[in-house]
Amino acid sequence: MKIAVYPGSFDPVTCGHLDVIKRAAKVFDKLIVGVLVNSEKECAFSSKMRVDMIEKLSLPQNVEVISFDGLLVNFMRENNANILVRGLRAVSDYEYECQIAWINKKLMANCDTFFIPTAEEYAYLSSSIVREIARYNGDLTGLVPEELHSLIKDKLEV
Ligand code: ADP
């Protein structure tokens, strides 16, 4: 059984993330969306909210959402996963993503990273852009799934 993990902060989840989730779920038997809890980043949304927002979306049946802290490879071992999925937007993502992929391979020899290029329409999209737009009550259409708009704005709008 091919079990893959798609890790990230998802602060909040965007249409770009959802697109990666749906495409990866077609390739692997099971896809675990791993929501990172104790990253160095300060998140705008609690880990519970970040998980809840992803779970609110209509996800393929073979997708599970789990939060984790500590080392990603340990989380993968706990879940019998040896495949990592990451999205690539621009060349600027590439260097950092390769570094992470090499480190994870060093820590877990049978771990392989699969990159999915972003859908063209989401190439400019990031969680930080979404937070900025939400803060000033901008239109989130096409950036974040509809069912999350009010939740995100309630939390962030100034
Ligand atoms: P991290 O803090 O690990 O970068 P993110 O939540 O920002 O977590 O992103 C998680 C993953 O989703 C990363 O692989 C990132 O490159 C990818 N990603 C982010 N935005 C998009 C997008 N618009 N299209 C495709 N992939 C994306």
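Read-outs throughout are calculated quantities, based only on the coordinates presented, and are distinct from any laboratory measurement. Bear in mind that the values here come from a model prediction, so they are computed numbers and not experimental data. Every residue, glycine among them, receives a Cβ derived from its backbone with ideal geometry; neighbour counts consider all protein chains shown.
If you filter the range 74-90 down to residues that are aliphatic (A, V, I, L, M) and in a strand (DSSP E or B), you find that the one that is nearest to the ligand (Cβ to nearest atom) is L88. Candidates are the residues of the range 108-120 that are in contact (Cβ under 8 Å) with a residue 40 or more places away in the chain and either among the hydroxyl-bearing types (S, T, Y) or not in a loop (DSSP other than H, G, I, E, B) (or both); the one that is farthest from the ligand (Cβ to nearest atom) is F114. Cβ separations smaller than 6 Å between residues 6+ apart or across chains give the following pairs from the range 45-68 residues that are within 18 Å of P145 (Cβ to Cβ) to residues that are hydroxyl-bearing (S, T, Y): V51/S67.
Taken over the range 121-149, the criterion of being near the ligand (Cβ under 10 Å from one of its atoms), crowded, with 19+ Cβ neighbours inside 10 Å and not aromatic (F, W, Y) is satisfied by L125, S127, V130, L143.
Evaluated against (1) more than 12 Å from the ligand (Cβ to nearest atom); (2) among the small types (G, A, S); (3) out of contact with any Ser or Thr (no Cβ under 6 Å at 6 or more places or on another chain), G34 falls short on exactly one condition, (1).
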